[in-house]
Amino acid sequence: MPNIPQEIETKIIRGVPRTLAEFAALMRKVGASSEVKRRLLSDRRFRLKQSRAIDTTLDVTIFINPEYGKNILEFLGLTVRQKNNSFVLTAIQGQLPRRVVRLRFDGDKIILTIKEMLAADHSRGSSQWIKQRGEVEAELKTTEPIEKLFKIIGYKLSSHREKYRTTYSLDGTLIEWQEAPQASRGVPPWMEVEGPNVMAVEQTVKQLGFSPSDTAAISDAEYLHRSGVSNKHIKHLTFGPINH
């Protein structure tokens, strides 16, 4: 799959505003614009346990944009061809690459995201504190067919996690303030800065008054672990029952 979109971001984990009001004040100070108000994100993550040989089909119409659907299936490592309203999918046993696979429920939207594994990132960017990896997304109409496909090819549900996110923009970058369910037990909020290139992320971090020592190129799970959340609780970390 040519021209894979890149996720280029860093987490700010030190000196982060502790309240939404403090974060909003910082955004006003730097001249950032509000993009999306505080909302709940509910994520299901899947891990490849055993790469199996497959020869199956998937309904094209489960994707809002079938072209994005084809791209994301190819990035997952499947051979894809379209026949009428179906994708014909094949794979050889043991040859699927390991990917980060996430189903996100964001209000009325269901977003399937496939990313390269984080362990492969650090040699690719000029800044060791900025993540840079391939990421492909597609919006879904329903989740049941894709979850059945995950089981067929060897992916298993590995975690349910929720967080609140508030998003601002500044000079082409996104600045996001995140709150975990464990906040009342001592896990502080964290911020993410995502941009079109490494330089843009570096500049925004500096504009916000932070330095590379305040940041880390880590996943949410690693941040939660560093903050004292056990691996058991990281696997199911929600504000309440998940009804999806």
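Just to confirm my numbers, what's the Cα centroid distance between the range 34-54 and the range 165-242 in Å?
After rounding, the separation between the Cα centres reads 16 Å.
Bin all alpha-carbon pair distances of the range 154-211 at 10 Å intervals from 0 and give each bin's fraction as a whole percent.
Distribution as computed: 20, 38, 28, 13, 1 percent.
Listed here are the pairs LYS163/LYS232; LYS115/LYS151; LYS151/LYS235; LYS29/LYS109; LYS109/LYS148; LYS131/LYS151; which of them are more than 21 Å apart at the Cα?
Cα-Cα > 21 Å for LYS29/LYS109; LYS131/LYS151; rest within.
Enumerate the amide H contacts of TRP190 below 5 Å, restricted to partners 5 or more residues apart or on another chain; note that Pro and chain-start residues carry no placed amide H.
GLN178
For LYS206, list the aspartates and glutamates whose Cα falls under 19 Å from its own Cα; do not include residues on the same chain fewer than 8 positions away.
GLU9, GLU22, ASP171, GLU176, GLU192, GLU194, ASP214
Tell me, what HN-Hα J-couplings in whole Hz come from the Karplus equation 6.51 cos²θ - 1.76 cosθ + 1.60 at θ = phi - 60° for each residue of the range 86-97, using x for Gly and Pro?
Going residue by residue, I get 10, 8, 8, 10, 9, 7, 8, 4, x, 10, 6, x Hz, with x marking Gly and Pro.
So what does the Cα-only Debye profile of the range 1-73 read at q = 0.21, 0.24 Å⁻¹, as log10 I(q)/I(0), no solvent term?
Here the Debye-derived log intensity ratios amount to -1.21, -1.34.
How big is the shadow of the Cα convex hull of the range 46-163, averaged over all directions, in nm²?
About 8.0 nm², averaged over all directions.
If I take every Cα pair under 8 Å that is 6 or more residues apart in the range 6-237, average their sequence separation and divide by the length, what percent do I get for the relative contact order?
It comes to 30 percent, rounded to a whole number.
A short reminder: the numbers here are calculations on the coordinates, not readings from a lab. Remember, it's a predicted structure, so these values are computed and weren't measured experimentally.
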